[in-house]
Amino acid sequence: TQCAMISETATVPNVLQAFRQQNASYIHVVDANMELTGILSFRDIRGLLDKKPSSDQLTAGDIATRDVRCITLSDNIQTALHIMSLKGISQLPVVDRRNPKKLVGTLSQKAIIAAYDKALLRLEMDME
């Protein structure tokens, strides 16, 4: 799936605007080389909403979670669901296996469930 991204130098007001415009639960934070440096959830910035204007000087890089769990295209769905369950998250960045900083997409629980439902429907149709 397409990734919501923002520069690590973006200020908090820009981050808030990006969440609104991209209608995303998570935004991937990238450096000048478009390499993944962190991730932001709306939960991460919720506490900053009351701290204006002092939080306006912070950047996406300042507040991003840096220890980002990722998967590659060669990982299976069980691995992805296991990581999501352990970390209490609903989506994972998908990175290039050879360059784990190169973001190639994102995988959400919603997408997994939709694919599962579609596969079950096809199976049921084939059985008829």
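The values are calculated or read from the model by the stated rules, or taken from the named source; none is laboratory data. Please read all numbers here as calculations on a predicted model, not as lab measurements. Positions of Cβ are generated from backbone atoms using ideal geometry, with glycine treated the same way; all protein chains shown enter the neighbour counts. When the accessible area is computed, the model is the full protein with side chains, heavy atoms only, and any ligands, DNA or RNA have been set aside. Shrake-Rupley method; radii C 1.70, N 1.55, O 1.52, S 1.80 Å.
In this entry, T37 passes the filter for residues that are open to solvent by less than 30 Å² (accessible area, probe 1.4 Å), of a type in the set (S, T, N, Q) and modelled with pLDDT of 90 or more. Suppose we filter V30, V104 for residues that are at pLDDT below 95 and touching an Asp or Glu at 6+ places or on another chain (Cβ under 8 Å); which single one remains? Checking each option against the conditions leaves just V104. Pairs meeting the criteria (first residue in segment 73-99 and under 18 Å from I113 (Cβ atoms), second residue exposed (fewer than 12 other Cβ atoms within 10 Å of the Cβ), beta carbons under 7 Å, at least 6 apart or on different chains) are V94/L73.
Would you point out the residue of segment 40-49, among those that are not acidic (D, E) and not in a loop (DSSP other than H, G, I, E, B), that is most open to solvent (accessible area, probe 1.4 Å)?
R43
Which residues, counting only those in segment 8-34, are in contact with a helix residue (DSSP H, G or I) (Cβ under 7 Å, 6 or more places away or on another chain), open to solvent by less than 80 Å² (accessible area, probe 1.4 Å) and among the polar types (S, T, N, Q)? Matches in segment 8-34: T11, S25. If only residues of segment 89-102 that are open to solvent by 50 Å² or more (accessible area, probe 1.4 Å) and outside any strand (DSSP E or B) are counted, the one that is farthest from Q2 (Cα to Cα) is R98.
Count of segment 69-88 residues, restricted to those that are under 15 Å from the mean Cα position of the chain (by Cα), small (G, A, S) and not in a helix (DSSP H, G or I), is 1. Considering (1) more than 16 Å from V68 (Cβ to Cβ); (2) modelled with pLDDT under 90; (3) of a type in the set (S, T, N, Q), say which one S25 fails and leave the rest. Here S25 meets the rest and fails (1). What are the residues in segment 50-68 that are without any contact (Cβ under 8 Å) to a residue 24 or more places away in the chain and either surrounded by 13 or more Cβ atoms within 10 Å (Cβ to Cβ) or more than 16 Å from the chain's Cα centre (by Cα) (or both), if any? Correct list: D50, K51, K52, P53, S54, D62.
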